[in-house]
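Chemist: Okay, handing you the structure first.
The values are calculated or read from the model by the stated rules, or taken from the named source; none is laboratory data. For clarity, every value in this text was computed on a predicted model and none was experimentally measured. Neighbour counts run over all protein chains shown; Cβ positions are idealised from the backbone, glycine included. Surface areas here come from the heavy atoms of the whole protein model, side chains and all, with no ligands, DNA or RNA. Shrake-Rupley method; radii C 1.70, N 1.55, O 1.52, S 1.80 Å.
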Amino acid sequence: MKKYTKKNILQLGVFIIAIIAVNLISSVVYHRFDLTQDKRYTLSKVTTEIIESVKEPIVIEVLLDGQFPQEFVKLQTETRQLLEEFSSKNGNILFQFVNPLADSGANEEQIVGNLFQMGIKPITLTVNNKGMQSQALVFPWALVSKGDKSTKVQLLKNMLGANTEEKVLTSIQHLEYAFAEAIDKVNRETSKKIAILKGNGELEDHFMADFILSAKESYHIAPFTLDSVANNPLKTLEQLKSFDLAIIAKPTKEFDAKQVEVLDQFIMNGGKTLWLLDQVQADFDSLREQGNMFTYAKDQSLGEMLFKYGVRINPVLVKDEVAAPIKLAVGRQGSETQYAEVLWKFAPFVYPEGTHPIIKNIEGVRLDFASPIDTLKNNIAKTVLLQSSKYSLLQGTPSEVSLGIVNEKTTPEMYEGKGNYILGVLLEGEFKSVFENRILPFKVENPKYLSVENKMIIISDGDIIKNQLDQNYQPLEIGYDKWTNKMYGNKEFIFNSVNYLLDDSGLINLRTKEVKIPVLDKIKVFENYTTIQVLIFTIPVLILLIIGFLFTLVKRKSYVKK
């Protein structure tokens, strides 16, 4: 027995020494193994470079501490594991999970109000606690800060018609991009510059306020007027060339030849552009007041330049059966006006389908009085971003549009051979100048007639970036319709477009990363609930019994031999 005791002590000593050695080695050599099929915990090269570039502490506060339903537990767990991976790559990435409403002594309404002012909106969840159901406010957000710079991360995506589980699964796919972008945003020393073009009847600032305020978190943004082109076009061109992106949002006045040359040379020198253009004069506010309106083509004198780049916006309107609703008065009950939601065919509801990072897994986008875009054959690569449904057709101009169209009867035969009109397109390549082999409106030293590798986005609706105003004339969020209380994906689409145009690192490509989360089939679980319960309780017990039996059998044989 003493012999066996010494042997056991020796084995125990070797085991302890091995554990100590492994811990000493792991403290010096660190590596995490990703054994998941989709490599969800393997960070992309771009993310790794962003994390490794952090030289000062960045603090991430995740407002998801607490007990949640199973769907939210997934989001909570995946967020924690991703941030652990970030922190393991760079110790300057610090994070903590907090519950903003945990302090019982604090004024809950005041806390919620302060978060609302920051743009952090809660959702209401039903929480089960020991058989009792209660409603709880949850803030699926995170705050990323470095010194006096901070930004917020929305962890749960808005998706019309989707349940919580579907929203969570889609949101998990974008966690790496969302956090990597936020870290890059607060860590970046210099920001790209965006010019909001003015002077040709573009959208007023209060209708672009939400975009301007949100874009300021990531970029330098400033208005830029082309009025000075008439007096000093060369100076205007040089000033515009200091910007990285120009946004032309719903101009209503024509661009003269010198202004077109300024824009053309800006593009030839590598300037990015986001064109949001209405080709038909139509305004829903006037239609709401009068019940009908006259629509007609309008020309900003940009058609020839865009044609040279490879697109043409036709001066007609798209009518789509897959449309966003509007609210109309349908009668009175006593002294109160009764309202009903009806589909408005001139407001196409476009649910982008594709794998391009601008549109992958975004919410449906609402457009107003959009026109079809033709793509022309040239050396420019074209990617369709927005497209009407197959149940859409065109209405020519000039013509009258009336609210009575909501009662229009249609048949599937009306759409045969029609539909799928392009409403938004991305152009990439080396653009040819519209002034090639032509006399320039004003002389430029060493004008360029072929651009460097460049890209632009063209949308045939100027209102896609427009925010509504509340009763106090304060801007609402882009994509929110106060009349129907619906939220569309316009804001995400616009910022994805801006980020793609200005992204030199390829960070936005992370939006295409696929994460496969195993999900139980709830119907099959319900149908086989009793069987599953029996298996869950009996299989572990059987495994323990088998192991115990085998262990006893092996032990008995070893003693018999000795």
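Chemist: Going by the conditions given, is residue 493 at pLDDT 75 or above and in contact with a strand residue (DSSP E or B) (Cβ under 7 Å, 6 or more places away or on another chain)? Show your work before the answer.
Modeler: Working: at pLDDT 75 or above: yes; in contact with a strand residue (DSSP E or B) (Cβ under 7 Å, 6 or more places away or on another chain): yes.
So residue 493 fits the description; yes.
Chemist: What number of residues within the range 164-205 are touching a Leu at 6+ places or on another chain (Cβ under 7 Å), open to solvent by less than 30 Å² (accessible area, probe 1.4 Å) and part of a helix (DSSP H, G or I)? Spell out how you get there, then give the answer.
Modeler: Of the residues in the range 164-205, the ones touching a Leu at 6+ places or on another chain (Cβ under 7 Å) are 167-168, 171-172, 175-177, 179-181, 184, 192, 194-195, 197, 199-200.
Keeping just the survivors that are open to solvent by less than 30 Å² (accessible area, probe 1.4 Å) gives 168, 171-172, 175-177, 179-180, 194-195, 197, 200.
With part of a helix (DSSP H, G or I) added as a condition, the list becomes 168, 171-172, 175-177, 179-180.
Within the range 164-205, residues that are touching a Leu at 6+ places or on another chain (Cβ under 7 Å), open to solvent by less than 30 Å² (accessible area, probe 1.4 Å) and part of a helix (DSSP H, G or I) number 8.
Chemist: Just to be sure before I move on: is residue 542 at pLDDT 75 or above, assigned to a helix (DSSP H, G or I), open to solvent by less than 100 Å² (accessible area, probe 1.4 Å) and within 17 Å of residue 45 (Cα to Cα) in the structure I sent? Please lay out each step first, then the result.
Modeler: Details: at pLDDT 75 or above: yes; assigned to a helix (DSSP H, G or I): yes; open to solvent by less than 100 Å² (accessible area, probe 1.4 Å): yes; within 17 Å of residue 45 (Cα to Cα): no.
In short, no.
Chemist: If I filter the range 58-78 down to residues being aliphatic (A, V, I, L, M) and outside any loop (DSSP other than H, G, I, E, B), which single residue comes out as modelled with the lowest pLDDT?
Modeler: So the first thing to find is which residues in the range 58-78 are aliphatic (A, V, I, L, M), and the list is 58-60, 62-64, 73, 75.
Imposing the further condition that a residue be outside any loop (DSSP other than H, G, I, E, B) reduces the set to 58-60, 62, 73, 75.
Working: 58: 93, 59: 94, 60: 93, 62: 92, 73: 82, 75: 86.
Looking at the filtered set, the residue picked out is 73.
Chemist: If residue 55 meets every condition in (1) open to solvent by 30 Å² or more (accessible area, probe 1.4 Å); (2) closer than 23 Å to residue 139 by Cβ; (3) at pLDDT 90 or above apart from one, which number is that one?
Modeler: (2)
Chemist: Follow-up question, since we're still on this one. Considering only residues of the range 303-323 that are of a type in the set (Asp, Glu) and outside any strand (DSSP E or B), which is surrounded by the fewest Cβ atoms within 10 Å (Cβ to Cβ)?
Modeler: Narrowing the range 303-323 to residues of a type in the set (Asp, Glu): 304, 320-321.
Still in the running and outside any strand (DSSP E or B): 304, 321.
Numbers: 304: 10, 321: 19.
Residue satisfying both the conditions and the ranking: 304.
Chemist: Which of the residues that make up the range 165-202 are touching an Asp or Glu at 6+ places or on another chain (Cβ under 6 Å), farther than 29 Å from residue 241 by Cα and among the charged types (D, E, K, R)?
Modeler: 165
Chemist: Taking the condition of being without any contact (Cβ under 8 Å) to a residue 60 or more places away in the chain, among the β-branched types (Val, Ile, Thr) and more than 19 Å from residue 314 (Cβ to Cβ), how many residues in the range 385-444 meet it?
Modeler: 2
Chemist: Do any residues in the range 263-288 that are in contact (Cβ under 8 Å) with a residue 24 or more places away in the chain and acidic (Asp, Glu) have Cβ atoms under 9 Å from those of residues that are assigned to a helix (DSSP H, G or I) and open to solvent by 10 Å² or more (accessible area, probe 1.4 Å), where the two are at least six apart or on different chains, and which pairs are they?
Modeler: 264/308; 278/463
Chemist: If you go through the range 470-484, how many residues are part of a loop (DSSP other than H, G, I, E, B) and in contact with a Leu (Cβ under 8 Å, 6 or more places away or on another chain)? Don't jump to the end; show me each part of the working.
Modeler: Here is the first cut: in the range 470-484, the ones part of a loop (DSSP other than H, G, I, E, B) are 470-474, 476-479, 482-484.
Pick out the ones that are also in contact with a Leu (Cβ under 8 Å, 6 or more places away or on another chain) and you get 470, 476, 482.
Looking only at that region, the number is 3.
Chemist: What do you reckon, is residue 466 touching a residue at least 12 places away in the same chain (Cβ under 8 Å) and more than 20 Å from residue 498 (Cβ to Cβ)?
Modeler: On the way: touching a residue at least 12 places away in the same chain (Cβ under 8 Å): yes; more than 20 Å from residue 498 (Cβ to Cβ): no.
No; evaluated as a whole, the condition is false for this residue.
Chemist: Can you tell me which residues in the range 324-360 are part of a strand (DSSP E or B) and small (Gly, Ala, Ser)? Full working, then the answer.
Modeler: Pass one, the range 324-360, residues part of a strand (DSSP E or B): 324-333, 336-350.
Those that are part of a strand (DSSP E or B) and small (Gly, Ala, Ser): 324, 329, 331, 340, 347.
Chemist: Any idea which residue in the range 215-245 is nearest to residue 440 (Cα to Cα), counting only those that are open to solvent by 30 Å² or more (accessible area, probe 1.4 Å) and in contact (Cβ under 8 Å) with a residue 60 or more places away in the chain?
Modeler: Taking the candidates together, the pick is 234.
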